[in-house]
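What follows is a short report on a single structure.
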Amino acid sequence: MKALYLTGMALFLMAVCTTRPGSAAEPVRGKVVLDLKECVRKALDSAPELGEAQADITLTASKLEEAKAYRYPQIEIVGLTGPVPQARGNQVSSSDSINQTDRWTWFSRADATITQPLYTFGKIAESMKAAGHGIEVDRARKEQRRNEIAVKVKEYYYGILLARELKEVLLEVREDLVKAREKAVKLLDQGSPNVEELDLYKLDTFEGEVDKYLEEAKKGEALALTALAARIGLPAEAELEIAGDRLVPEQAPLPGLDAYLESSRDKRPEYRQIKEGLQARESLVKAARAAWYPDIFLAGYLSAAYAEKRDRVTNPWVPDQFNHLWGGVALGLKWKLDFGITGAKVAGERAQYDRLVHTRAFAETNIPLQIRRFHLDLNEAQRSMEAARNAYSNAKKWAVAAIANFDFGIGPAKEIFDSLQEYAKMRAAYFQSIYNYNLALANLDYAVGEAPL
């Protein structure tokens, strides 16, 4: 028996199911029966990638809250307590000396400074804008991961159905071979000139090869089921069964290529990531440039200190650091000047912005190319389904006629081999085309940016 496409398809199924992402789930007992939508929903609920994406959103949201908080007053309080020499008298004459070590007392002091930013030339406002756009970038990235997970679930789901259809084809061929061998033995015993003992060897060889491919199809089905169960978060001991029993083409409206391309502009998460990312980067460039300018602020100051065995000094020209109460408000300006540091930061932010501009150009070229490729895959699979359906239908008629002629002793066994081989090959190709068609639809949904559910 030739390749029949079966070896390639079995290997394809095993390759598809090799990657099995794991995730934690609650223990499940008994058999779990799910359809495709339920599988996608469970995968999205349990996907660790989406948890990571949500953590990124939370992190960026915290940066936004931090940027907002810089608009409000900041208060700094410093408290001190410690020993200090006694001081009796006044600022003109005193019986105590600053160098005395035998007469000490304790002092307590607190200083509070409040600063209210008034104008920062965009440092705060642009940082807030950048964080806000960054949140939208992370949300779009989360949507992109959701779409990727949905495509992978569909790939596993359709792979299971394809493996089962291939099993049915192989079992059907195997049944015909068993019947043909029984008839060959009977004709050989009757001394029919159309049957040789060599034909029995050929039939046995053919049957053995079919059994081999049958085991490969079973392995592909088991791998796909295991991969799907892991992807949707079921534990290893849970038994998964899919609700679908046949691989049939998905029924969906099929707009033209231009409609897909137009729809992707509004729905594709990558476009939104780039748009929001550019706005975030532009704000970061402006925030970096604002460091060249000063910060204008309103400040308030209050200081209080008390030492029990020190007389209070009231002369405004001689402030006492250990026994006083004073405060005030002022309009302030803070300006940090450097030689090249701010310029380097601005250049770095500008480089990040320019990098994203090139990413946008790449996306605007390659996303439409991706959509066109999947659209061509869809059309090809649709035409292949029709061609393969006609081919396997005719091959089946050929096989029925060949087996009937062989039963009557007027046809050679070789016709059985050839007809069953072509039937199996074209029947398998038909189901492969359905698989390709459904997967092309799933890939088109992903390429356009359709929501998974």
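A few remarks follow.
- Ranked by the mean number of other Cβ atoms within 10 Å of their residues, highest first, the peptides 210-220, 307-317 come out as 210-220, 307-317.
- Rounded to the nearest 20 debye, the dipole size of the chain about its Cα centre is 1780 debye, using +1 on the Cβ of Lys and Arg and -1 on the Cβ of Asp and Glu.
- Cα long-axis angle, helix 6-16 against the chain (0 to 90 degrees, to the nearest 10): 10
- Using the Karplus relation 6.51 cos²θ - 1.76 cosθ + 1.60 with θ = phi - 60°, the per-residue 3J(HN,Hα) values for region 105-119 come to 9, 10, 10, 10, 9, 9, 10, 10, 10, 10, 10, 10, x, 10, 7 Hz, with x marking Gly and Pro.
- Summarising the strand pairing of the chain, around 90 percent of its internal DSSP beta bridges are antiparallel.
- Crossing angle, helix 341-407 versus the chain [Cα axis fit, 0-90 degrees, rounded to tens]: 20
- For Tyr353, the shell of other residues with beta-carbons less than 9 Å away shows a net charge of 0, using +1 for Lys and Arg and -1 for Asp and Glu.
- Residues whose amide H comes within less than 5 Å of that of Tyr70, counting only those at least five positions distant or on another chain, are absent (H built at 1.01 Å from N in the peptide plane).
- Spin-label pair Ala110/Lys397, simplified geometry with 7 Å Cα→Cβ offset, distance in nm: 10.1
- Global form of the chain, assessed from the alpha-carbon gyration tensor, a/c cut-off 1.5: prolate
- Using θ = phi - 60° and Karplus 6.51 cos²θ - 1.76 cosθ + 1.60, couplings along region 275-280 (whole Hz; Gly, Pro as x): 4, 5, x, 4, 5, 5
- Over the residues of the chain, the helix contribution to mean residue ellipticity at 222 nm works out to -22500 deg cm²/dmol, using -39500 (n - 2.57) for each DSSP H run of at least 4.
- Residues whose placed amide H lies under 5 Å from that of Thr105, excluding near-sequence neighbours: Val84, Gln86
- The long axis of helix 257-267 is offset from the longest Cα principal axis of the chain by roughly 30 degrees.
- Anisotropy class of region 331-453 from Cα gyration tensor, a/c 1.5 cut: prolate
- Least to most buried among Phe206, Phe339, Phe431 (fewest other Cβ within 10 Å first): Phe339, Phe206, Phe431
- Taking a ≥ b ≥ c as the square roots of the eigenvalues of the Cα gyration tensor, region 131-204 is prolate, since a/c reaches 1.5 or more and a/b is larger than b/c.
- Scanning residues 5 or more positions from Leu240 or on other chains, those with amide H under 5 Å from its amide H are Val32, with H placed 1.01 Å from N in the peptide plane.
- Under Karplus coefficients 6.51, -1.76 and 1.60, residue-wise ³J(HN,Hα) of region 205-211 in Hz, glycine/proline x: 5, 4, 5, x, 5, 4, 4
- Leu331, Leu298 arranged by Cβ crowding within 10 Å, fewest neighbours leading: Leu331, Leu298
- Per the Debye calculation on region 337-380 with a single equal scatterer at every Cα and no solvent contribution, log₁₀ I(q)/I(0) for q = 0.14, 0.16, 0.23 Å⁻¹ amounts to -0.53, -0.59, -0.77.
- Between Leu80 and Gln190, residue separation times 0.36 nm minus the direct Cα-Cα distance comes to 27.9 nm.
Every read-out reported here was derived from the displayed coordinates using simple, explicitly stated rules and does not represent laboratory data. These numbers were taken from a predicted model, which means no experiment stands behind them. Ideal geometry is used to build each Cβ from the backbone, glycine not excepted, and the neighbour counts take in all protein chains shown.
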